[in-house]
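Only one structure is covered here, and it is reproduced in the block below.
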Amino acid sequence: MSWYDEVEYIREQARLNNEFFANSLPMIASENVLSPLCREMLLTDFHGRYAEGTPGQRYYEGCKFFDNVELKAMELAKKLFNCSYADVRPTAGTTANIGVLKALIKPGETAVVLDLANGAHISFGKWGGAGVRGINLVSYPFNDEEMNIDVDGAVKLIKKVKPKLALNGRSVFLFPSPIKELSEAAHDVGAYLVYDAAHVLGLIGGGQFQDPLHEGADVMTGSTHKTLPGPQGGVVLSNHKGDSDEDKSFLRKLGFGVFPGVTSSYHLHHVAAKAIAFAEHLEFGEAYARQTIKNAQALAQSLYERGFKVFGEKLGFTKSHQILLAIGPGKGKEASKKLEEAGIVTNMNTIPGDTDPLNPSGLRLGTPELTRIGMKEKEMDEIAEFYERVLLKKEKPEKIKEDVKEFRKDFQELHYCFKEGYRGYDYFELV
Ligand SMILES: *Cc1c(COP(=O)(O)O)cnc(C)c1O
């Protein structure tokens, strides 16, 4: 046997994975598919290079063309988010978050956060980035019915504990956070407000969600591959202008948090692809974000009418790309497994009241990828019917899988990008 057999084995898995996703309904709320022009950047020579530092101030030579790309990426990010500071170097949303924590808070100091059970992300949790930084976490009260931070309680909490940072990071993110109120309270006690937009970055860039940097957030971090359908990566954004010594020092600390704080090589091919994703979002982001939200609302309504328990009922279920379903105590995993057998990819999720993250009672659904392959409200109704057949009527998943594959046939091409019509799931043979 040659080790080449192993290579072929890995290639075969990639081929099968492409085929699986091309024939399924990908509904993980944090996932998306890459446009052809973003994808092209990932294959360029930028991949192999180093560019530590900032454009024009490098530790290595050979960065001439990359400097132009990074400057362009920063310029496009500032345009897209209408702000004055952009760092496109973080290699992930988590990296961006830890870089910001490194910049703005010291070990032993206090930050106020959302609980994981209420939809927070691990990077602001004790077992994740916040724990790595050794910071003391105090949780906001949460309003289950409104699926949101309890504003009055949170403002009181900020005034009482006088944290260094007020954090807002949400992986279950149905409705905008009360940023104006939280940031006013934070600023009153000398704290900064950090808004982690990992999930909703593309909705914000498309002007269809809240606008945190203009509602009072000092920093906004994000992932560049969720509702912003770019390459895997992160960003740090701010609307601070560096117009006083203190403000200059704030921005300097932010930059220093990312490099040398949490990066060395920052995956230059991804930075190039981010630049293209920002340009594509400036062109198509508004239409894409609008349709993504409309699809989530249509799907939620249709699921509700078919008998599912959908969160946020009194507020129209969702104002984002996400839907949260209550499936039954501890039944989330079983439900997501059944759906996978039927060709529908989602994830189990904790819902308010859950205590065991391994046995949660809910499912989180997302519409970003379905929207990108051209689906609209009408298709959402058909998808709700698939959910009804799998989870309520308990039909055999194998049969439904065939129907899903047939349904998916007409939705193979990518939209909301340049070179529209490219088949996003084709496996291309390079060598
Ligand atoms: C996904 C997510 C992240 C992490 O992003 P990565 O790019 O996967 O590291 C951070 N914060 C929130 C709220 C998220 O949902």
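The values are calculated or read from the model by the stated rules, or taken from the named source; none is laboratory data. What you are looking at is a predicted structure, and each value in this text was computed from that prediction instead of being measured. Cβ placement follows ideal geometry from the backbone for every residue including glycine, while neighbour counts extend to all protein chains displayed.
For residue 180, the criteria (1) crowded, with 22+ Cβ neighbours inside 10 Å; (2) away from the ligand (no atom under 13 Å from the Cβ) hold in every case but one, which is (1). Pairing residues of region 104-131 that are more than 10 Å from residue 171 (Cβ to Cβ) with residues that are more than 14 Å from the ligand (Cβ to nearest atom) and among the acidic types (Asp, Glu), at Cβ distances under 7 Å and at least 6 apart in sequence or on separate chains, gives 117/354.
Looking at residue 193, is it in contact with a strand residue (DSSP E or B) (Cβ under 8 Å, 6 or more places away or on another chain) and without any contact (Cβ under 8 Å) to a residue 40 or more places away in the chain? So residue 193 passes the test. For region 374-418, give me each residue that is in a loop (DSSP other than H, G, I, E, B) and within 24 Å of the chain's Cα centre (by Cα). Matches in region 374-418: 374, 375, 376, 411, 412, 414, 415, 416, 417, 418. When residues in region 344-366 are screened for being surrounded by 22 or more Cβ atoms within 10 Å (Cβ to Cβ) and more than 23 Å from residue 145 (Cβ to Cβ), 2 of them pass. Which ones in region 1-49 are surrounded by 13 or more Cβ atoms within 10 Å (Cβ to Cβ), part of a helix (DSSP H, G or I) and polar (S, T, N, Q)? 18 - this is the single residue of region 1-49 that is surrounded by 13 or more Cβ atoms within 10 Å (Cβ to Cβ), part of a helix (DSSP H, G or I) and polar (S, T, N, Q). Under the condition of being closer than 25 Å to residue 21 by Cβ and of a type in the set (Ser, Thr, Tyr), the residues counted in region 338-361 number 1.
In the set (1) surrounded by 23 or more Cβ atoms within 10 Å (Cβ to Cβ); (2) over 25 Å from residue 154 (Cβ atoms); (3) within 13 Å of the ligand (Cβ to nearest atom), residue 201 fails one condition alone, (2).
Among the residues of region 212-222, none qualifies, meaning not one is touching a His at 6+ places or on another chain (Cβ under 6 Å) and either crowded, with 23+ Cβ neighbours inside 10 Å or in contact (Cβ under 8 Å) with a residue 40 or more places away in the chain (or both). For the criterion of being closer than 25 Å to residue 272 by Cβ, in contact with a strand residue (DSSP E or B) (Cβ under 9 Å, 6 or more places away or on another chain), modelled with pLDDT of 95 or more and within 14 Å of the ligand (Cβ to nearest atom), residue 238 fails. Of the residues making up region 124-146, at least one is within 15 Å of the ligand (Cβ to nearest atom), of a type in the set (Phe, Trp, Tyr), in a helix (DSSP H, G or I) and closer than 24 Å to residue 209 by Cβ.
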